[in-house]
Structures are given as C-alpha cells and as structure tokens.
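Beneath this line is the structure, given in structure tokens, with notes to follow.
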Amino acid sequence: MASAREQMYLMAILLIFSPSKLTLSNAGAVTGQPIPPEWPHQFHAFMFMNESGILQKLDLWYDWPNGRNFNIIQNQLDHVVSYDLEWTNGTSFVYTLDPSDPTCKVVDFGVGILRPNWLDGATYLGQQHVDNFLCNVWAKVDFIVYYEEVLTRRPVRIHWSRDDI
C-alpha cells in the first residue's frame, strides 16, 4: 500500500470560477494538443483529499495578487479544524483554534504558492477517464499530474507523488 505522501490526491469538487476565466493559447493549434490553462488569479474551491484512507475536506482560497493561499482543513470524523496560511515566500502558518488542541507552527517549505501559470511547460499525456469525467492530463516536473475536464476545462484532480512533501 502506498504511503500518504506518495498518494496525495486533491480532487476539486466545486471550483468557484468559470471556464471563461481560463487563459488559453493558440500554440496548441500547431500540435493539435490542448494547452494547459492558466489559473485565475483569485478563486475559491471546496476539495476532498484522500491520504491513503484518511479523508479530508479542504476549503481553499487562492489569492495570487496578495501572495497567499488559505486552507481550512477538517479530517473526517474529527472535530478539530486546522488552518494553513501559505505565502509566496514559502512560509506557512499552520494552526488550530480548538481549545482542546491548540497548536501553531511555522513551516518553511522553501517554495511559495503555485503561480497562475505553473502548468507552463507541462507534458501533455493525453486523455483519461477520471471519476466519470473525460480529462486532458498533463505532467509537471516529476511528481505532479494535473487532470482537467475536456468539456468545461475545469480542474478535476491534482495528483502529487513525492516522498518529501
């Protein structure tokens, strides 16, 4: 069985932005392959993440102009809610407000939040059915695979496979 770090799935259930806000390029017309979208500079999403059987609900606010990414994280069947405020300089503040488990820690990941154009240069892997969606699939670096619905161009899943994150 793969570890939680090897099998981190982010599945966007609802993204509050329209496909018309995605920036596309004509460069794909030459190769016939779709070009990965540029993310909106600000958006809100509800996501579920399955870390090897531990289901988490994430409420994410992405805010590129202000250099931050804010996550509200709740594990399934757990009353303690965690908050994660990430900055473009690589610093994250992870904390809880629950009186039964108050925590606060500063984490330096060395890299900041994803840029809106973080998929530039990604390798197109073709199409694949994922969770009943026909998706275009791209690989970025050696550990991120991005899935986008063909019809709406909305994100469906981001798969991270890396031991040190």
Fill in the blank from the handout: In the stretch 97-136, anything surrounded by 16 or more Cβ atoms within 10 Å (Cβ to Cβ), more than 24 Å from His41 (Cβ to Cβ) and without any contact (Cβ under 8 Å) to a residue 24 or more places away in the chain is listed as Phe133
Handout entry: Counted residues, the stretch 120-165 - those being part of a loop (DSSP other than H, G, I, E, B) and among the basic types (Lys, Arg)
Key = 3
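Between Leu55, Leu77, which is modelled with pLDDT of 90 or more and surrounded by fewer than 14 Cβ atoms within 10 Å (Cβ to Cβ)?
Working: Leu77 fails: modelled with pLDDT of 90 or more.
One residue alone meets the criteria, Leu55.
Among the strands (runs of 3 or more DSSP E) confined wholly to the stretch 52-112, which include 3 or more residues that are closer than 24 Å to His159 by Cβ? Please lay out each step first, then the result.
Values: elements: 54-63, 68-75, 81-87, 91-96, 103-108.
By residue number, 54-63, 68-75, 81-87.
Collect the residues in the stretch 28-51 that are outside any loop (DSSP other than H, G, I, E, B), within 18 Å of Leu119 (Cα to Cα) and modelled with pLDDT under 90, keeping them in residue-number order.
First, pick out the residues of the stretch 28-51 that are outside any loop (DSSP other than H, G, I, E, B): 28-31, 38, 42-51.
Keeping just the survivors that are within 18 Å of Leu119 (Cα to Cα) gives 28-29, 31, 38, 42-43.
Listed by number, the residues that qualify are Gly28, Ala29, Thr31.
The values are calculated or read from the model by the stated rules, or taken from the named source; none is laboratory data. Predicted, not measured: the structure shown is a model, and the values here were computed from it. Don't worry about glycine lacking a Cβ; one is built from the backbone with ideal geometry, like all the others, and counts go over all protein chains shown.
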